[in-house]
Amino acid sequence: MAELVLGFIFVVLLCVGVPVAFCIGLATMAALLISIDTLPALTTMAQRMAGGLNSFSLLAVPLFILSGVIMGQGGIARRLIAFAKCLVGMVPGGLALVNVVSCTLFGSISGSAVAASSAVGGFMLPEMEKDGFDKNFGAAVTATAATTGLLIPPSNILIVYAIASGGVSIAALFLAGYLPGLLLAGALMLVAYIHAKRHNLPSAGTVSLGYTLRAALDAAPSLFLVVIVIGGIIGGVFTATEAGAIAVVYSFVLAGPIYKEITRTQWFSVFLKATETTAIVMFLVASSVAMSWLLAFNNIPTQVAEALLAVSDNPLIILLIINLVLLLVGSFMDMTPAVLIFTPIFLPAAVEMGITPLHFGIIMVLNLSIGLCTPPVGSVLFVSCAVAKTSIHNIIRPLLPMYAAMLVVLLLVTYIPGISEALPKALGLMAK
């Protein structure tokens, strides 16, 4: 009974436009109230929400959020775009490829698909339109390419999955995301290249060796952040949380004294934006953890695992079903609560079929990344449309080839575990 009330109230609140964190919290509270007395229900809800945030690993999330906001306002995007133009700008349809590479680089540094879509799209979309690209195609490229940074570390959502899964190594997850993220970027670049060839779109032109060296030197300090964070975590120099603190200090020095892009008066707005984002994410985490506990208390994960295994004992079929469900969920729910709620539901069934939690985490994050650029709730899609000054209706057609590329990559990552597991195995992190 409690699970029916939980699902019904959640769906109703979501349909009437209540923010998803409140949908989760109110639905969980209602389900608890019909199960136990009022005071124990309120106490349990408070305890579970507070306990959900009582994690040292979770402290890395606000630190990386702050680092990402500083990077987003610190002139990083412009420098990365200039560097990307030197790398792929000479290819037909070069600006579209530059867009993908820039979103990948900026997304991996900032850890935010929305920030990548806004920062890179704000600069690239007008340039692409001047070069003959349709603005709807440019918006489609930006929306899909912005999600690649969620797989390439440092990634907040991979940290959230590590907590939801009950202890998968963050270092191993960070490594596991590299190849799928690069594969996704490559697939999107291939689609953009084919589009450019079919429509005879020009390259962005060649640049001199001197300009290339200057652009590389200008972008190097930003890119070095990834080296510091990942190198330090893998080398055992510091934890993911400590890496977040180092990323904040590094980005602070980079955006202030070195690049001089953020003035003293602008720092308040930077910290305010990071605080607002952190508050939203943490409330989502707290309410989602409470719902996950209620589902576990009612034995829902076990029931779901048994139901899936009753359908088939073939891992290929089970993974296909899970992927289809997550694709639907990602279209209506934000990534963080989806990971926190559905990881404890689907992970037991996946493990039962011999799928490692590491591999399943990359499948889930890649799958839900597609939801960020899928109507009706795709946040990255809305940002790209706003930047391009177009509508979702107009962007759907150019999005379809991009969707197809993303789905092909999802299938490859799902059914070829080595894509996710090769790097962690090579560095001996699979067992951690």
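The values are calculated or read from the model by the stated rules, or taken from the named source; none is laboratory data. If you're wondering where the values come from, they're calculated on a predicted model, not measured in any experiment. Every residue, glycine among them, receives a Cβ derived from its backbone with ideal geometry; neighbour counts consider all protein chains shown. Surface accessibility is based on the protein's heavy atoms, side chains included, excluding ligands, DNA and RNA. Shrake-Rupley method; radii C 1.70, N 1.55, O 1.52, S 1.80 Å.
None of Leu201, Leu184 is open to solvent by less than 50 Å² (accessible area, probe 1.4 Å), in contact (Cβ under 8 Å) with a residue 60 or more places away in the chain and not in a helix (DSSP H, G or I) except Leu201.
Going residue by residue through the stretch 249-268, is there one that turns out to be open to solvent by 50 Å² or more (accessible area, probe 1.4 Å), part of a helix (DSSP H, G or I), of a type in the set (S, T, N, Q) and farther than 30 Å from Val351 by Cα? Among the residues of the stretch 249-268, at least one is open to solvent by 50 Å² or more (accessible area, probe 1.4 Å), part of a helix (DSSP H, G or I), of a type in the set (S, T, N, Q) and farther than 30 Å from Val351 by Cα, which makes the answer yes.
Restricted to the stretch 398-407, and to residues that are open to solvent by 30 Å² or more (accessible area, probe 1.4 Å) and within 18 Å of the chain's Cα centre (by Cα), which residue is farthest from Leu319 (Cα to Cα)? Among those that are open to solvent by 30 Å² or more (accessible area, probe 1.4 Å) and within 18 Å of the chain's Cα centre (by Cα), it is Tyr403. Going by what's in this entry, would Ile363 be described as modelled with pLDDT of 85 or more and more than 16 Å from the chain's Cα centre (by Cα)? No: the conditions fail for Ile363.
Among all positions in the stretch 113-125, there is no residue which is modelled with pLDDT under 80, assigned to a helix (DSSP H, G or I), over 19 Å from Pro357 (Cβ atoms) and out of contact with any helix residue (DSSP H, G or I) (no Cβ under 7 Å at 6 or more places or on another chain).
What about Leu294, is it open to solvent by less than 30 Å² (accessible area, probe 1.4 Å), farther than 22 Å from Phe252 by Cβ and part of a helix (DSSP H, G or I)? Yes: the conditions hold for Leu294. Here the condition is being within 21 Å of Phe10 (Cα to Cα), in contact with an Asp or Glu (Cβ under 8 Å, 6 or more places away or on another chain) and surrounded by 13 or more Cβ atoms within 10 Å (Cβ to Cβ); of Ile322, Ile300, it holds for Ile300 alone. If you go through the stretch 55-111 and keep only what is within 28 Å of Leu399 (Cβ to Cβ), surrounded by 21 or more Cβ atoms within 10 Å (Cβ to Cβ) and basic (Lys, Arg), you end up with just Lys85.
The requirement of being buried (at least 21 other Cβ atoms within 10 Å of the Cβ), aliphatic (A, V, I, L, M) and within 14 Å of Ser67 (Cα to Cα) is fulfilled nowhere in the stretch 303-314; no residue meets it.
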